[in-house]
Every structure is written in C-alpha cells, then in structure tokens.
Amino acid sequence: MLYADLNGTKKQEGAAVYQRTFKSQAKYQKDGVTYLALYDANQTLQGYMNQASIKVAAGAGGVWTNASGYASLTKPGQDVYGNLDTKQVIKKSDDVLDNTYFISGAYHHLDGQVYYSLYDSHNNWLGYMAGSGFETVNSAEGAWAAASGYAKVVDKNYAIYNSFKFDATGSTDHYYQQYFKKVGQYHHVNGAVYYSVFDLFGHWLGYVNSAAVQNVTIANPEGTWQADDRYVTVTDNRATLYSDFNWTKKQAATDVMLQTFKSTGKYHNLNGLTYLSLYDKDGNWRGYINQQSITAGVSDGGAWLPANAYTTFTAANVNAYADFNQQKVATSGAGLVNQTVNISGQYHAFGGVVYYSIYDVRGKWLGYVDASQVKTTSSAAGLWLPHDGYLTTTQSGQMIYTNLDSFAGGRTTTANYQRTFRIMGEYKHYNGATYYSLYDGNGNWMGYLNSALGSESKEAQGVWMNYNANVLITASNAALYSSFFNMTRDTSSLYGGVYQVSGKYSHVNGTTYYSLYDGNRWLGYLASWATVPYELRFLNVPYVSQFRPIMAPDGCAPAALSMALQAVGVNPSLSYLMNNLPMAGSVPGGQAGSIYGGGFQYVITPAALTVYAQNWDKNARNISGASTTQIIAEVVTGHPVLYYGFSPYQKSGDYNRNHCHVIAGFDPNRGFEIMDPGYNTQFDRAGSAGGNSRFDHGPVYWISLSSFESEYAHQYGSEAVKRAIAF
C-alpha cells in the first residue's frame, strides 16, 4: 500500500505501482515500522511505503525482473543501451535491424519505461532496449517481414519446412535451378533468414533458408503478351481460370468445362507454361488458363471431341448443317427422318450451341446437327419409337432377337411362323432395318423382329394368308363368326361335314381362323381347332399276323395291339403281348378263352385292352362310342385307331364284333385303309381266309366310310358296338 502520509492515509493500492521504480530520499520510523519516502523521476513525492514491500536497486534502472520471449528489431533509429543508470547508447537498432533476439529479463526504470536485456542465439549480449523500440513475438522465428520478388534455388541441400517446428516437407534438391516467389520473411533467433515461398504455380511450399537461394530480378515473370487468334475448348476439369498471375482464382474449369472461348493473347510464364487470355461470345474477359487445359479447334466450332452414341431422327424439320452457323444444309431433315445415325464426335461451338457430327452406316458424313434437337442413346438400335399394330410372320427360321446390339439370344420364327403378334414400339436400327418390339396375346414380350419378315395389320387377327384345303368339322359347338368376333351361329349343323378353306388368319390370341366355304357360299370364320384336314394320310403301321410266326387263332387283340404300338414307336415282343394278355377271371373285361384256341367266348374289352396298352403307350385312349368323324380326326392327325369289327371268318347272320382291326390311313375318296391280323401274311389275297366275300377283304384293304360305319356301328341287341382305342 502507498500512503499519502505517515498517519496511514491510503493513497494508492500496491498493485498500481507494482514493479515501478522510485527514488527514496528519506526514511521514517513509526510504531516499529520503517517507511521510505518515494519520489518519481521529476522529484515529486509519490507517497510513503513500508520498506518491507520494496526491493532496493543499485541504480535508476531498478531491479532485474523475469521476462521471456523474442524481440524482433523492426524499427530503425532505436537506441541500444549499455548502462541504464547513465543511459549510455552503445549502438543503434539500424546496425542489427530485422534481427531477432532472446529476451532474458526486464528492468522497470525510474523514467517509467521498461527496458529489456537482449541476447543472440550464441548468448552474446546485445544491450538494453526499451520495449517500445522493438516488436515482441512469442516464437523464435521472429516477426513477419515483407519480402517480394523471386529467388533462384542455388543449393540442393536445404530443407523446406512446413512450420518453424522444422518439420521438413520437401527439399531444395527438387527445385534446383528453379524459381520461388517470395511472400514474406522471418529473421530467426538462430541468425538465419527464412523466406515464405510459393512455386510459380501459386502453391505455397513453406519456409526455406535464404542461404539456399539467390535473389533475382525478373521484369515480367508472367511473360510478355503475344497475339493469339484461336477458338479453344476447355477439356480439363482440374484447371482454373485466373484473374491475374498472382494466381487469384476467378473461376473453376468445372464451371466452363467443354465451353469454347476465343483466345486473343498468350503468355509464356516463368513457370514454363503458356497461359491464354480468354473471351466469351459476348466479349467478356473470362481469365487466364493453362494452355494444357484446352484443346484448340480449327474454327469457331471449337475442338473436335470424341463421342460414341446414336440418334434417331423423328422430325423432318431437323437439318444437319455443313457449318457451325447453320447457314448451309448438308443433309435435309426430310432425308434424315426415321433414320438412325452414328454420333462419332461433338463440337461445343463458340456461339454456345453443341453440335454432333453424324455418319450413316456406310461411313458417309451427313453433317452437324444441333444437339438440343435430338435425343441420344448408346445402342445402335436407335431410339424407341411408338408404333401400335399387329405383325404376322411370313418367313420361317428367322430370328426374333432379345438384344439389338449384339443380336444374341431370342428365338426363331420356325415355331412362330405365320403367327400374329402385337407391335408395341419400333427401332430404326443403324444397320438400316426396322425392328418391331413384339408381344404375344397375353402381354408377354417376345423380342425384336425385322419388319421385313412379316406383314403388318391394324387388326388383331393379323393379315389374310393364302391357304386352300378341305377340312372336316370335328366340333359341334364351335363358333362361326361373320367378323372378329361377331358370332352368327355354331357348328352343330356342320358337324361331320367337309367344307372348303380359302384363306386363314393367325389371330394375336393364338388361334388360327379359317375362312370357311360351302362351295361358293361363304360360311364365316372358324377356329382351326374345330377342324382337321380332310386329306390323304398314311400312317406307318407294320403288318402283324395272329397266325405267323405265332399261331394264335383267337389272338387278334394282341396282334392288332402290336401293330398300333409299333406305329407310335414302341415294340414289345409279340409273344409277350400274347402270353400276358389280360384274361377273364383275373382282370375285369379280360378275354374269355385262350388265344391259342379252345373255349373262346369273347375278345378282351376296349377298356381292359387300353389299360394293358398303357404299359407301353401312356397316350393310349379308350374312344369307344366315337363317331366316324372323330375317328377320321384321329387318323389324319397321326393317331392309329384299333377298332372292333367283323372277322374274315365271320358267318352269315353273325354280327358279334369279336375281331380287332387297325386303321392305318385315310383317303377322302376311298375311306379308311384297314389292316386285319386274321391272315398269314400281308400279301394274302382277299377271300383266302374264311371265304365270305362280305367279310374276307384281305390283310390290307380300303373300306368306304359308309361300309365302315355299317360294320363299326351296327347294333345287335342292347350291346353298344362302337368300340375303339386311339394311340
């Protein structure tokens, strides 16, 4: 506490005068305490203070107090003292200007200033300096000082530091004989000067010892302006447009990527690169750019740039031009419409329009087209185009593709010949063909088919196809249509009749419809499934005898079964068929009486024989009761029929149907071809068996449909005698 008098009147707290130096000119005793009278440098009494609160100094400089840090001598004309009592000046700061020193203590002088004791890195004392005479810093590199210009690396053996912790991030060896740009300097307390340097591309490198470089004067480091008259396209998205050659960023190249500018001048920079001065189409200066970041064009179209795409022209008013000003038409839109072309290159013109350079499949150049007027695709098929209609295939064995680039996969028209599909879009392929995208009647996509391989219709039934045939009506409840699908009547009155087909339609629903006539009278459209061809048909049925090589007088059933089974491709041994024939007593409907003679009563029933036949032919069916029309349908569609009729040994008046025959063919004029196992060989003549001309027709013979019907359907008693099996 500083007192105003010796009576204890407070004048000032001690904190306000802490570490200040005063001159004591008298001391006083009071109550056992010694008080000093304190005077400032002007001999003005400041007050009284307990001597115990004061350190006595040897002179006007006061006592030494702890102080640390660094002093950067950045101010010229400052005094350096050798003695703080006499204020002896031993040098000026000019002699050591910009150097950095250690602060190793402070003195609070009587004159009110703080003086610091300064040492260099070798512990050599510089002297005392007032704190106002230098810049105090907290780190050993000292204060930042201005530095500009360029320095050439002349020594390979110096590190480049990221900070003054001396963490090296590079070496001058990498930059030997190259130039740095200086942007500041530090006079370190260790005596070295460090430059803060950038490379000539504007990247800060770090701090380098000035001993590693040689300062040079370069009048025009950016180079001198040279005239340039080119259209250039920016093609490097890593580049930068600069406002100046201090590398002030004006714009990133990503903002102007693929744009074309006018280069009016260029500079060969000290860094070894050439920079172009760019202007846009409106005359605005856009900045400097590294020449390596552009591609020069030969005209105002800018640079040719690669492209690999396709486009399909869909409008007749989109032209391809011979220039980039759309003054001269190379190929008119009328000549391009519905054509797919290859885009082999592109130009981003100075005027702001992007142009595609297009070629046809023969490699002929067609011109430049405004990219905004077309859509592109990576597929040579071109663009999907709307198309609604129906296509009937007219060539067999052609491919329906699932991929129009590789032309791989898909199916052929072999199984889809003369079939109608829904068209739901098309592609005008680069190869010149048009491919329809086809769907079946259930909405399942089938693939792509060349339009030239079919005929198109607007209607779901497809196109009329030439087809002439006679057909037998085999369904009594099928619809007859006067149009698709306007039903006029059913086929109940036509069932079993033979009519003429003159043309057909393969409907998208999967059904083929015949245009049906009765002579010259058109009846309507009828589904083909309700008919069979009424035409000559021979089945490959071998002849088998029930007498040779195995004598089985009552074995007509297994012999006939052998013929039918062989006709469908299976051939169990005849002996097995005979020896294992189901017999009455063990199997319901089995044959009563041995096939080898003795005790014969009746032949095996169709139901039992069908079950037996299914051991080899799962498709064997008991069709007993079938009409003659249905039997014709079986035969002309490739199915031999075993039926029960008269034996060549039949006696007059005996109408019991106990003999099996096989129908092996059909002729519209002659009826059925019959094979009868009741002969020794297939070459026996008629009348060589029982001798009754009504029944002994020979091993292979033709029977009219009326005679067949009379035999097959003849009734006696209450027994149903229409008995037959289809294979």
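Considering only residues that are of a type in the set (A, V, I, L, M), under 26 Å from the mean Cα position of the chain (by Cα) and surrounded by fewer than 20 Cβ atoms within 10 Å (Cβ to Cβ), which ones fall in the stretch 430-460? Ala433, Met446 - these are the residues of the stretch 430-460 that are of a type in the set (A, V, I, L, M), under 26 Å from the mean Cα position of the chain (by Cα) and surrounded by fewer than 20 Cβ atoms within 10 Å (Cβ to Cβ). Scanning the stretch 217-232 finds one or more residues that are over 24 Å from Phe180 (Cβ atoms), outside any strand (DSSP E or B) and either of a type outside the set (S, T, N, Q) or not assigned by TED's automatic domain parsing to the domain that holds Tyr347 (or both). In the stretch 97-113, the residues that are in contact (Cβ under 8 Å) with a residue 40 or more places away in the chain reach residues that are among the charged types (D, E, K, R) and surrounded by fewer than 18 Cβ atoms within 10 Å (Cβ to Cβ) with C-beta atoms within less than 8 angstrom, at least six apart or across chains, in these pairs: Asn99/Asp120; Tyr101/Asp120; Phe102/Asp120; His108/Arg20; Leu110/Lys23; Leu110/Asp40; Gly112/Arg20; Gly112/Asp40. Against the criterion of being without any contact (Cβ under 8 Å) to a residue 40 or more places away in the chain and either touching a Cys at 6+ places or on another chain (Cβ under 6 Å) or not assigned by TED's automatic domain parsing to the domain that holds Ile604 (or both), Trp529 does not qualify. Out of curiosity, is Ser502 buried (at least 22 other Cβ atoms within 10 Å of the Cβ) and of a type in the set (Ser, Thr, Tyr)? No; evaluated as a whole, the condition is false for this residue. Counting the residues of the stretch 248-286 that are of a type in the set (Gly, Ala, Ser), more than 37 Å from the chain's Cα centre (by Cα) and more than 16 Å from Thr224 (Cα to Cα) gives 1.
Looking across the stretch 413-463, just one residue is out of contact with any Gly (no Cβ under 7 Å at 6 or more places or on another chain), in a loop (DSSP other than H, G, I, E, B) and β-branched (Val, Ile, Thr), and that is Val463.
Taken over the stretch 524-545, the criterion of being in contact with a helix residue (DSSP H, G or I) (Cβ under 8 Å, 6 or more places away or on another chain) and farther than 30 Å from Ala689 by Cα is satisfied by Val532, Pro533, Tyr534, Glu535. The strands (runs of 3 or more DSSP E) falling completely within the stretch 329-392 that include 2 or more residues that are under 23 Å from Phe261 (Cα atoms) map to 340-348, 354-359, 365-370.
Determine which member of the set Asp98, Asp94 is over 15 Å from Gly61 (Cβ atoms) and part of a helix (DSSP H, G or I).
Asp94
Checking each residue in the stretch 116-174 for being part of a loop (DSSP other than H, G, I, E, B) and of a type in the set (S, T, N, Q) picks out Ser121, Asn123, Asn124, Asn138, Ser139, Ser148, Asn157, Asn162, Ser163. Scanning the stretch 256-265 for residues that are surrounded by fewer than 19 Cβ atoms within 10 Å (Cβ to Cβ) and not small (Gly, Ala, Ser) yields Met257, Leu258, Thr264.
Looking across the stretch 308-329, just one residue is touching a Phe, Trp or Tyr at 6+ places or on another chain (Cβ under 7 Å), of a type outside the set (Val, Ile, Thr) and surrounded by fewer than 17 Cβ atoms within 10 Å (Cβ to Cβ), and that is Lys328. From the list Glu634, Glu673, the lone residue that is under 12 Å from Ala724 (Cα atoms) and acidic (Asp, Glu) is Glu634. Among the strands (runs of 3 or more DSSP E) lying completely within the stretch 1-72, list those that include at least 3 residues that are out of contact with any His (no Cβ under 7 Å at 6 or more places or on another chain), modelled with pLDDT of 85 or more and surrounded by fewer than 12 Cβ atoms within 10 Å (Cβ to Cβ). So the answer is 23-30.
The values are calculated or read from the model by the stated rules, or taken from the named source; none is laboratory data. Small disclaimer: the values here were computed from a predicted structure and weren't measured. Note that we place each Cβ from the backbone using ideal geometry, even for glycine, and neighbour counts take in every protein chain shown.
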